[in-house]
Amino acid sequence: MTSGLVIVDKPSDWTSHDVVGRLRRLAGTRKVGHAGTLDPMATGVLVLGINRATRLLGHLMLTDKEYLATIRLGARTVTDDKEGDVTAETPATHLTDGEIRRAVEPFRGDIEQVPSAVSAIKVDGRRSYARVRAGEDVVLQARPVHVETFEVTDIRDEGEYRDVDVRVVCSSGTYIRALARDLGEALGVGGHLTMLRRTRVGPFTLEHARTLDELDAGFGVLDLGTAARLTFPVFEATESQANDIRFGRALAAVDLGAPGPVAVFGPDGEFLALYETNDGGAKAIAVFATVTP
C-alpha cells in the first residue's frame, strides 16, 4: 500500500478533519493523519501522512512554520478572528504606522503566550473551544513559544479600523490569533485576524502543495525516503549497522552528526529509521524498514 506525505493547500472553510476525510477516500485507506491543524478560516500548507508515514507526523509537528496574516485593529472578537462575534470596538484610526510597527517588536523572540480560549487545547479532558461554546469562561495558562519573525508588510485604513498585513515565522504551538489579540491589546484598541495563510511547514512550502481539485485529478504522494531527506538530518549507515537498525537495535560509538531525530538510510538508499544520539551512540525513535524473514 502507498505510504508517504501529501502536501495540501487547504481551502478556506474546510476543517483539517475534512481534508483528512477527502484524503482517506483518494488514498483508499483509513490510515491518514496530519502534522498540525489549521483553523477552518485559514488556508495554506497542511502536511498529511498516509499509512506508515503517519509515524513521521509527530516529529514534523515540532518544526517551525511560516504564515501570512491580516490583523484588524479596532475590534475584539470571542474567537480572536473574524469567525467570532465582536465583543468590543474602539476606533483605531489615531494609531500611526510607527506606533503599530513599534508595538510589534516585543512579540519577537522567546515569549510567553496565552493561547486563544477557542482552541483545541484540553482542559480537564475537554477541548477548550467546547467549554467556551458551552458558556464557560476559559482562561488558559501561558506557554513559551518562539517568534523568529513578526514583520509588518502593509498598513491601511478600513473605516474605523486599521488593517495590518504581517509575515510570521514561529515555533510549533504559536497561535497567530493570539498574536493578533495581544497586539490589539498592547495598542489599547483590540485586534483579531481577518486572514491567515500558512506558507510553510518545515521544508514544505506552497510550491510543494496541491489543491484538493488537483489531487482529485491526479493523486500524488511524496515517498517516505524523499520526505525524510527533506525534513531531517541524514546518516548513511553501513551494511552491518543497517542490519541492527532494521531491528531497532541501539548503535554503539556512532556519531549521527546531530542530536535527532536523524533519518538513517542503508547503503542501498532505503530509508530505515529515525534515530537520536544517546550515551555516546544512538537509539531508535521509529523504525520504518521492513524485515524479510
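The values are calculated or read from the model by the stated rules, or taken from the named source; none is laboratory data. The structure displayed is predicted, hence computed values, not measured ones. Glycine gets a Cβ as well: all are built from the backbone with ideal geometry, and neighbour counts include every protein chain shown.
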**Asked** helices (runs of 4 or more DSSP H) wholly in the range 1-117 with at least 2 residues that are within 14 Å of the chain's Cα centre (by Cα) and buried (at least 22 other Cβ atoms within 10 Å of the Cβ) - which ones?
**Response** none
**Asked** Would it be correct to say that D13 is more than 23 Å from T153 (Cα to Cα) and not assigned by TED's automatic domain parsing to the domain that holds V152?
**Response** yes
**Asked** Out of (1) part of a strand (DSSP E or B); (2) in the same structural domain as I176 (by TED's automatic domain parsing), what's the single condition that is false for G188?
**Response** (1)
**Request:** Can you work out which of the residues in the range 246-290 that are among the charged types (D, E, K, R) and out of contact with any strand residue (DSSP E or B) (no Cβ under 7 Å at 6 or more places or on another chain) is farthest from A227 (Cα to Cα)?
**Result:** D279
**Request:** Return the only residue of R229, R197 being in a strand (DSSP E or B) and out of contact with any helix residue (DSSP H, G or I) (no Cβ under 9 Å at 6 or more places or on another chain).
**Result:** R197
**Message:** Just checking, does the range 177-194 include any residue being charged (D, E, K, R) and in contact with a helix residue (DSSP H, G or I) (Cβ under 8 Å, 6 or more places away or on another chain)?
**Reply:** yes
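In the set T29, T77, T93, which member is touching a strand residue (DSSP E or B) at 6+ places or on another chain (Cβ under 7 Å), touching a residue at least 12 places away in the same chain (Cβ under 8 Å) and closer than 28 Å to A289 by Cα?
Answer to the selection: T29.
The rows are residues; the columns are (1) farther than 30 Å from R25 by Cα; (2) touching a residue at least 24 places away in the same chain (Cβ under 8 Å); (3) in contact with a Leu (Cβ under 6 Å, 6 or more places away or on another chain); (4) loosely packed, with under 14 Cβ neighbours inside 10 Å.
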{"site": "D216", "(1), (2), (3), (4)": "no, yes, no, yes"}
{"site": "A253", "(1), (2), (3), (4)": "yes, yes, no, yes"}
{"site": "D279", "(1), (2), (3), (4)": "yes, no, no, yes"}
{"site": "V287", "(1), (2), (3), (4)": "no, yes, no, no"}
**Request:** Could you look through the range 204-226, keep only residues that are in contact with a Ser or Thr (Cβ under 6 Å, 6 or more places away or on another chain) and part of a loop (DSSP other than H, G, I, E, B), and pick out the one that is nearest to H34 (Cα to Cα)?
**Result:** V221
**Asked** Which is over 22 Å from T2 (Cβ atoms), surrounded by fewer than 14 Cβ atoms within 10 Å (Cβ to Cβ) and among the hydrophobic types (A, V, I, L, M, F, W, C), of F247, F235?
**Response** F247
**Prompt:** What about A273, is it surrounded by 20 or more Cβ atoms within 10 Å (Cβ to Cβ) and in a strand (DSSP E or B)?
**Reply:** yes
**Message:** If V152 satisfies all but one of (1) assigned to a loop (DSSP other than H, G, I, E, B); (2) under 15 Å from A69 (Cβ atoms), what's the number of the condition it fails?
**Reply:** (1)
**Asked** Before we move on, is G159 surrounded by fewer than 12 Cβ atoms within 10 Å (Cβ to Cβ), within 27 Å of T15 (Cβ to Cβ) and either acidic (D, E) or free of Cβ contacts under 8 Å to residues at least 24 places away in the same chain (or both)?
**Response** no
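So, R177, is that one in a helix (DSSP H, G or I) and not assigned by TED's automatic domain parsing to the domain that holds A27 or not?
yes
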**Prompt:** Among the residues of the range 177-211, which ones are surrounded by 21 or more Cβ atoms within 10 Å (Cβ to Cβ), within 30 Å of G4 (Cα to Cα) and of a type in the set (A, V, I, L, M)?
**Reply:** L196, V201, A209
